[in-house]
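Reviewing the structure listed below.
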Amino acid sequence: MLLSNIKLRTQLALINAFSKILIIIIAVFVLPLTVREISIQEMDKQLIDKLDQLYKLLEENGIEHFIDVQDDAMGYGSYNILKEEYVSIEVSPDTVLTEYIESTQRLVDGEVLDYRIISATFEYEEYFYLIEIGKSTSAITLFEKNLKKYTFIFLIFLLSLSVIFDLSVTQILLRPFYQIIRKLKLINHPSNFNYAVTKTNTSDFKYLEESIHHLMRRIEDVFNEEREYIGNISHEILTPISIIKSKLENFSDNTNLSHEDTIKIYETKVTLGRLTKLVRSLLLLSRIENKEYLLDETININQVAVNVIDEIKERIEVKDISLTENLSEKEFTLFGNKELIHILMYNILNNAIKYTPGNGSIELSSKHINNTYIIEIKDNGIGIAEKHLPYIFERFKKFESGTHNFGLGLALAKTICNYHQLEIQVESKLGHGSTFTLIFPKKK
Amino acid sequence: MRILIIEDEKALADEIEQFLSNAHYQCDKAYNGAIASELLATNPYDFVLLDIGLPDYYGLDLIKEAKSYNADAYFIVITAKGELNDKLKGFEYGADDYLAKPFSLLELHSRIQAITRRKFDHSKAQIQFGKFTIDINKRLFSHENTNIDLTKKEFDILSYLVLNKGRILDRMQLTEHVWGGFYEEDYDSNYIDVHIKNIRKKINQFDNQNWIKTVRGLGYKFDL
């Protein structure tokens, strides 16, 4: 559609202007024609009157007064001085009585002029005569032309006036509507719902806003319920884990235990640690999916990368991996959640460290390409088999070889990317290493 | 030192009490906010462990209440919700430290000790073994007058072992102390072992005593 994706205000203005232009076109062409038609009819009436008057004169004075009856060739003709009117009487070759009016041209003094002419034949003392009474139509044509011109100018003037009027009136009428729209545009999360009532006398807008508020309240309720639910689950699961952990800790302090038993308790603690990690990751995933994290922080990506490297540095050193950091000097900032972006970078880098053997290398680099900022984390570790590549971002995907157990780390990374509308890609060759690429789109 | 444990999970409160009593703290327990409020009003506590997810009270209000009658107890907030918000709010209300469930009792103890060192007993911050001195507050490690350069993690591990001398610290306890453990999944990793190896190397430049003993299958123990 031509009018798709255009503001209502603009649409209204366009439609208004279009309809007015249509009116002008009709007015400019139809009005003068109508005026002409009316003038012609008026003129015809006058011509008929004049013909009657002429008949009267003929009756009173006789035809001889106008024509020399003896001389066949002679006719009578009379023009007024400006050739606006003329009367002619001559002997008619026809012997049929006719009377008709037509618009036609006559040659007068070497000049072709437009006339409206009434022609009539009558019988007088056994002779047939033809009378013509003509009236110039040049006045009408001129009038018509002028009328066209002035109608056009006048209507253009009216059009401009009414377009300006329309625009300001729609502006005022639609103001509450645009206030509501602006309010909606500012809302991106249930935590910043705005229930302020927009001032309006238009019942439709009132209804619209009330419906939106109603929906927002429902969304907020669902959001809060979900949030509370996640919070409660978190509490319900982590508290028993906490009790077990404390009991195990107190238990292993018991000096009467054999070394083997202490090791068993320790192994139980490690398993419990795995469970804790799992629960926390799942809760984090739920929280992201429930959009509990606000995307309202300005994040310098390079700074996050540097912080993560700082945090993870010792692991790299301990494993004797060489890390090359080659971040673009031109920094890139994005709007999002710092904590999540940190987790994202951490998980990917940690993953690289985990699957890169000692003496391996990891390269972290970034560059600006077109409308994107691209971060690459490249390692020369064990790599990922091609058939596994499509599944590495899935939750709890098990790979038969047992070389990889991604757990939730990469699923979490993917979820964070989706949440921030980033792209994450992976390229890998078994035995040669993997490259994870994060693509940050630049806002226009 | 007198500690009030405010925790609605009786089993957990009991375990905390057992651990802290063994470490010679005098403990009171409150299983709900109302009792906690009463105990806080009538007893002078040095520390309050506060689980903010109480059934009858918004936990953080108890800090406000206690501060209103000038109690000088230090508050360690415990939460299972794991929301960052809780942590920030806790500090806003005047909490002195924060622990997320499940925490290690040893870690809880270490937080109490850290506040004690910071607030009342600065002398405890300097610990000597052999000719070595470790200053926890200033984060310095030296042999006689020679400074020994330790990385941040090495210092954290060594000081944790020294502060808990004579006790076996397993790798998990050490990892949790050093990394805080939120993103941590490699409890069984050898990172701790490598750090210990490096610490030993640095110590052995000055004497040959085996201060840090390896406990097979578990972790390490510092022998004084």
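Numerical summary
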{"item": "Meets criteria (closer than 30 Å to A:V28 by Cα and assigned by TED's automatic domain parsing to the domain that holds A:I23) for A:I117", "result": "yes"}
{"item": "Considering residues of region B:203-215 that are buried (at least 17 other Cβ atoms within 10 Å of the Cβ) and touching a residue at least 60 places away in the same chain (Cβ under 8 Å) only, the residue farthest from the other protein chains (Cβ to nearest Cβ)", "result": "B:W211"}
{"item": "Answer from A:K330, A:K313, A:K319 - the residue that is open to solvent by 10 Å² or more (accessible area, probe 1.4 Å), among the basic types (K, R), over 19 Å from A:I424 (Cβ atoms) and more than 14 Å from chain B (Cβ to nearest Cβ)", "result": "A:K330"}
{"item": "Yes/no for B:L99 being open to solvent by less than 60 Å² (accessible area, probe 1.4 Å) and without any contact (Cβ under 8 Å) to a residue 24 or more places away in the chain", "result": "yes"}
{"item": "Those residues of region B:27-64 which are open to solvent by 10 Å² or more (accessible area, probe 1.4 Å), within 14 Å of chain A (Cβ to nearest Cβ) and not aliphatic (A, V, I, L, M), in sequence order", "result": "B:C27, B:K29, B:Y31, B:G53, B:P55, B:Y58"}
{"item": "Yes/no for B:R200 being more than 12 Å from chain A (Cβ to nearest Cβ), open to solvent by 20 Å² or more (accessible area, probe 1.4 Å) and more than 23 Å from the chain's Cα centre (by Cα)", "result": "yes"}
{"item": "Selection within region A:218-249 - of a type in the set (K, R) and more than 8 Å from chain B (Cβ to nearest Cβ)", "result": "A:R218, A:R227"}
{"item": "Residue count, region A:250-261 (criterion: at the interface with chain B (Cβ under 9 Å from one of its Cβ atoms) and open to solvent by 20 Å² or more (accessible area, probe 1.4 Å))", "result": "4"}
{"item": "Set A:F152, A:F177, A:F143: member being more than 30 Å from A:Q105 (Cα to Cα) and in a helix (DSSP H, G or I)", "result": "A:F177"}
{"item": "The lone exception for B:N85 - which of (1) more than 27 Å from A:F251 (Cβ to Cβ); (2) buried (at least 16 other Cβ atoms within 10 Å of the Cβ) it fails", "result": "(2)"}
{"item": "Count - residues of region B:1-15 that are within 11 Å of another protein chain (Cβ to nearest Cβ) and either of a type outside the set (A, V, I, L, M) or in a loop (DSSP other than H, G, I, E, B) (or both)", "result": "6"}
{"item": "Members of region A:378-390 found to be assigned to a strand (DSSP E or B) and surrounded by fewer than 22 Cβ atoms within 10 Å (Cβ to Cβ), listed by number", "result": "A:K378"}
{"item": "Among (1) open to solvent by less than 60 Å² (accessible area, probe 1.4 Å); (2) within 30 Å of A:V279 (Cα to Cα) - the single one A:Y229 does not satisfy", "result": "(1)"}
{"item": "Where a residue in region A:268-279 is more than 8 Å from chain B (Cβ to nearest Cβ) and its partner, wherever it lies, is outside any helix (DSSP H, G or I), with Cβ under 8 Å and at least six apart", "result": "A:L278/A:G407; A:L278/A:L408"}
{"item": "Total residues in region A:333-350, condition of a type in the set (G, A, S) and within 9 Å of chain B (Cβ to nearest Cβ)", "result": "0"}
{"item": "Yes/no for A:V112 being within 25 Å of A:I81 (Cα to Cα) and open to solvent by 70 Å² or more (accessible area, probe 1.4 Å)", "result": "yes"}
{"item": "Residue within region A:351-366 that is without any contact (Cβ under 8 Å) to a residue 40 or more places away in the chain, more than 14 Å from chain B (Cβ to nearest Cβ), under 30 Å from B:N198 (Cβ atoms) and open to solvent by 60 Å² or more (accessible area, probe 1.4 Å) present", "result": "yes"}
{"item": "Exclusive hit being at the interface with another protein chain (Cβ under 8 Å from one of its Cβ atoms), in contact (Cβ under 8 Å) with a residue 24 or more places away in the chain and open to solvent by 10 Å² or more (accessible area, probe 1.4 Å), set B:I136, B:I168", "result": "B:I168"}
{"item": "Selection status of B:F19, within 11 Å of chain A (Cβ to nearest Cβ) and either at pLDDT below 90 or crowded, with 16+ Cβ neighbours inside 10 Å (or both)", "result": "yes"}
{"item": "Selection count where residues are within 22 Å of B:K152 (Cβ to Cβ) and either among the hydroxyl-bearing types (S, T, Y) or open to solvent by less than 10 Å² (accessible area, probe 1.4 Å) (or both), scope region A:333-344", "result": "1"}
{"item": "Selection count, region B:179-194, where residues are within 22 Å of the chain's Cα centre (by Cα) and modelled with pLDDT of 85 or more", "result": "2"}
{"item": "Candidates A:T356, A:T435, A:T372 - the one that is out of contact with any Leu (no Cβ under 6 Å at 6 or more places or on another chain), in the same structural domain as A:D310 (by TED's automatic domain parsing) and under 30 Å from A:H189 (Cα atoms)", "result": "A:T372"}
{"item": "Cβ pairs under 9 Å, 6+ apart, first in region B:4-32 and closer than 17 Å to B:V77 by Cα, second in a loop (DSSP other than H, G, I, E, B) and of a type in the set (K, R)", "result": "B:L12/B:K101"}
{"item": "Test: A:S160 is touching a Phe, Trp or Tyr at 6+ places or on another chain (Cβ under 8 Å), farther than 30 Å from A:I212 by Cβ, open to solvent by 50 Å² or more (accessible area, probe 1.4 Å) and modelled with pLDDT of 85 or more", "result": "no"}
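The rows are residues; the columns are (1) within 29 Å of B:Y74 (Cβ to Cβ); (2) buried (at least 17 other Cβ atoms within 10 Å of the Cβ); (3) at pLDDT 90 or above.
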position: B:K152; (1), (2), (3): yes, no, no
position: B:L158; (1), (2), (3): yes, yes, yes
position: B:I196; (1), (2), (3): no, yes, yes
position: B:G217; (1), (2), (3): no, no, no
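The values are calculated or read from the model by the stated rules, or taken from the named source; none is laboratory data. No experiment lies behind these values; they were computed from the predicted model shown. Quick reminder, even Gly has a Cβ in these numbers, built from the backbone with ideal geometry, and neighbours come from all protein chains shown. What goes into the accessible areas is simple: the full protein's heavy atoms, side chains included, and nothing from ligands, DNA or RNA. Shrake-Rupley method; radii C 1.70, N 1.55, O 1.52, S 1.80 Å.
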